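Notes to accompany the following structure.
The values are calculated or read from the model by the stated rules, or taken from the named source; none is laboratory data. Model, not experiment: these values are computed from the prediction. Cβ coordinates were reconstructed from backbone atoms using ideal geometry, including for glycine residues, and neighbour counts include every protein chain displayed.
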Amino acid sequence: MPTFQFEARDTMGNPIEDVIEAQTEDEALATIRQMGYFVTRISVKKGRGGAEKKGGKKKRGFSIGGASSKVMTTFTRQLAILQDAGLPILRSLRILEQQSKGGALKVALGDVCDEIESGSTLSEAMAKSPKIFSRLYINMIKAGEAGGALELILQRLADFMERGQEIRRKVKGALIYPVIVVMVAVGILTFIMLKIVPAFAEMFAEFEFELPKMTVMLINISNKTVMYWYLIPSIPFSIWLSVKLLRKFRAGRMAWDLFIMRLPIFGGLVEKNIMARTTRTLGTLVSSGVPILEALSITKETSNNGMFERMYGKITEAIREGETIAKPMRIHSRPPFHPLCLAIWITVGCAPILFALAVAELVNMQTLPIAAAGAAVGAGWYLITMKKPIAEEMVVNMVDVGEETGELDTMLYKVADYFDDEVRTMTDGLMKLMEPLMIVFLGGAVGFIVIALFLPLVALIQNLT
């Protein structure tokens with residue numbers, strides 16, 4: 001007869017650890033409940049040859065990668081509900097494993113169940129599937145196990161993940177419209193340059209008369225598009241690849257992240273979104289009982305931004321030396337001068353101008369000062385915004401008050417809520433702003449093409465008359 005090892009709490013809330021013999025897990029649960037205990041964990045007792053399971057571990061399908069944030073959010077909420085209903089953790093995981101569709105999460109849940117049946121705790125079992133369960137996830141589970149409040153921690157974790165999912169959905173929704181409009185516009189303009197303009201250029205060449213400068217510029221752009229059409233997809237891909245390679249290095253990662261946060265409009269949205277996510281992460285970890293140094297280390301890893309990683313790293317070092325959070329946050333929230341970031345801003349200021357002049361065949365000594373002016377504007381913008389702190393004074397003051405009153409987690413939640421509202425407001429404003437900007441861009445491009453094609457037609461009609 002199998003022997004089950006269980007952990008439970010009596011009517012007074014005192015922890016109980018014992019073993020019981022039963023034919024099945026359900027029979028063992030019924031017997032334990034009759035004894036007046038509330039079961040928190042139950043597993044087959046590990047014997048000499050390992051866990052007492054027939055045939056060993058089940059063979060499971062092979063999966064690549066991890067699970068999406070949406071899937072993990074749904075799983076966490078369901079697990080929190082099952083735990084709140086009083087089901088043992090192993091049975092809850094088995095139910096969710098059966099309900100899960102084939103994929104990385106289903107495989108990981110099967111492995112977690114096997115580890116728990118072998119005597120491991122939930123956090124130890126999840127730690128063996130790092131691609132599915134993040135360090136933040138595992139540490140919060142560990143804190144819940146240590147404090148005997150796993151269902152409460154799971155509810156907090158589900159709330160945290162749902163809030164992050166909502167913000168990501170909002171930001172992605174705001175970016176879908178301009179991205180689609182730009183892609184359609186590029187497709188239409190490319191078709192015009194490849195098919196329509198060359199037909200007009202052949203017609204104008206037959207009449208052998210001097211074309212207006214706008215028309216000459218349009219024909220030059222069309223000829224370059226026909227000759228170098230492969231640059232249209234390759235340039236965005238090259239930029240994406242360059243950014244990926246740049247962020248592989250610590251200095252390049254910090255330079256690019258600082259460049260993104262200093263962009264007009266978009267930079268503020270990115271910065272506020274990261275501040276909301278990191279403060280909510282830190283607040284959730286602190287309220288769950290995770291040690292502050294471990295919580296700061298996890299927050300640093302999950303920020304996914306070089307400047308925020310630097311700030312939280314400096315705060316961690318200061319706390320080890322006996323400081324509070326607020327003082328090093330105020331000092332290290334101001335980014336230092338970064339020459340690589342300055343180089344990126346100079347490149348962004350002059351490269352598009354040089355590219356446009358090259359396409360229009362207007363690169364000469366008279367037009368080079370225009371590119372130099374663009375580079376100067378980019379460098380000037382960086383130097384002006386360089387010392388702007390990534391953590392506002394309001395954030396530092398609220399953290400300071402939270403430390404003095406012992407309500408750090410509450411203050412961090414308030415900061416996160418404030419910046420979440422700011423992100424929503426900026427996103428809504430951005431969506432309203434992008435619509436007229438897209439209309440102006442398309443109207444200007446189409447208007448330039450129409451005027452450039454019709455000017456020689458009008459001159460031709462006048463000459464024929």
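Looking at Ser234, Ser222, can you tell me which residue is in a helix (DSSP H, G or I) and within 26 Å of Val348 (Cβ to Cβ)? Talk me through it step by step, then tell me what you get.
Values: Ser222 fails: within 26 Å of Val348 (Cβ to Cβ).
Checking each option against the conditions leaves just Ser234.
Condition first: in contact (Cβ under 8 Å) with a residue 12 or more places away in the chain and not in a loop (DSSP other than H, G, I, E, B). Now tell me which residues in region 316-326 satisfy that. Can you show your working first?
We begin by selecting, within region 316-326, every residue in contact (Cβ under 8 Å) with a residue 12 or more places away in the chain; these are 316, 319-320, 324-326.
Listed by number, the residues that qualify are Thr316, Ile319, Arg320, Ala326.
Can you find a residue in region 16-35 that is outside the structural domain of Glu115 (by TED's automatic domain parsing), modelled with pLDDT under 75 and of a type in the set (Gly, Ala, Ser)?
Scanning region 16-35 turns up no residue that is outside the structural domain of Glu115 (by TED's automatic domain parsing), modelled with pLDDT under 75 and of a type in the set (Gly, Ala, Ser).
Which numbered condition trips up Cys341, out of (1) in contact with a Leu (Cβ under 9 Å, 6 or more places away or on another chain); (2) outside any helix (DSSP H, G or I)?
(2)
Taking the criterion of being crowded, with 17+ Cβ neighbours inside 10 Å, assigned by TED's automatic domain parsing to the domain that holds Asp420 and more than 30 Å from Gly148 (Cβ to Cβ), would at least one residue in region 287-305 satisfy it?
Among the residues of region 287-305, at least one is crowded, with 17+ Cβ neighbours inside 10 Å, assigned by TED's automatic domain parsing to the domain that holds Asp420 and more than 30 Å from Gly148 (Cβ to Cβ), which makes the answer yes.
Per-residue answers, yes or no, for (1) under 22 Å from Gly267 (Cα atoms); (2) within 25 Å of the chain's Cα centre (by Cα):
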{"residue": "Tyr418", "(1), (2)": "yes, yes"}
{"residue": "Leu437", "(1), (2)": "yes, no"}
{"residue": "Phe441", "(1), (2)": "yes, no"}
{"residue": "Gly444", "(1), (2)": "no, no"}
{"residue": "Val450", "(1), (2)": "no, no"}
{"residue": "Leu457", "(1), (2)": "no, no"}
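Which ones in region 123-133 are crowded, with 17+ Cβ neighbours inside 10 Å and touching a residue at least 60 places away in the same chain (Cβ under 8 Å)?
Answer for region 123-133, where residues must be crowded, with 17+ Cβ neighbours inside 10 Å and touching a residue at least 60 places away in the same chain (Cβ under 8 Å): just Ile132.
Quick check on this structure: which one of Trp229, Trp240 is surrounded by fewer than 16 Cβ atoms within 10 Å (Cβ to Cβ) and touching a Ser or Thr at 6+ places or on another chain (Cβ under 9 Å)? Walk me through it before giving the result.
Details: Trp240 fails: touching a Ser or Thr at 6+ places or on another chain (Cβ under 9 Å).
Exactly one of Trp229, Trp240 is surrounded by fewer than 16 Cβ atoms within 10 Å (Cβ to Cβ) and touching a Ser or Thr at 6+ places or on another chain (Cβ under 9 Å), namely Trp229.
I need the full set of residues from region 135-165 which are surrounded by fewer than 19 Cβ atoms within 10 Å (Cβ to Cβ), polar (S, T, N, Q) and not assigned by TED's automatic domain parsing to the domain that holds Gly289, in order please.
Within region 135-165, none qualify.
Among (1) buried (at least 17 other Cβ atoms within 10 Å of the Cβ); (2) farther than 20 Å from Val450 by Cβ; (3) aromatic (Phe, Trp, Tyr), which single condition is Tyr177 missing?
Going through the list (1) buried (at least 17 other Cβ atoms within 10 Å of the Cβ); (2) farther than 20 Å from Val450 by Cβ; (3) aromatic (Phe, Trp, Tyr), Tyr177 breaks only (1).
Listed residues Thr347, Thr410; which is assigned to a helix (DSSP H, G or I), closer than 24 Å to Arg156 by Cα and polar (S, T, N, Q)? Can you show your working first?
Working: Thr347 fails: closer than 24 Å to Arg156 by Cα.
Thr410 is the lone residue from the list that is assigned to a helix (DSSP H, G or I), closer than 24 Å to Arg156 by Cα and polar (S, T, N, Q).
Given the conditions (1) assigned to a loop (DSSP other than H, G, I, E, B); (2) modelled with pLDDT of 80 or more, and given that Ile180 satisfies all but one, which numbered condition is not satisfied?
Result: Ile180 passes all but (1).
May I ask you to list the residues in region 128-163 that are more than 25 Å from the chain's Cα centre (by Cα) and assigned to a loop (DSSP other than H, G, I, E, B)?
Gly148, Ala149, listed by residue number.
Please determine, by comparing only the residues of region 359-395 that are at pLDDT below 85 and surrounded by 13 or more Cβ atoms within 10 Å (Cβ to Cβ), which one is nearest to Met217 (Cα to Cα).
The extreme case among them is Ala360.
Residue pairs, Cβ under 8 Å, 6 or more apart or interchain, first in region 244-270 and assigned by TED's automatic domain parsing to the domain that holds Ala174 and touching a residue at least 40 places away in the same chain (Cβ under 8 Å), second surrounded by 16 or more Cβ atoms within 10 Å (Cβ to Cβ) and polar (S, T, N, Q). List them.
Asp257/Asn305; Met261/Asn305; Arg262/Thr385; Leu269/Thr427
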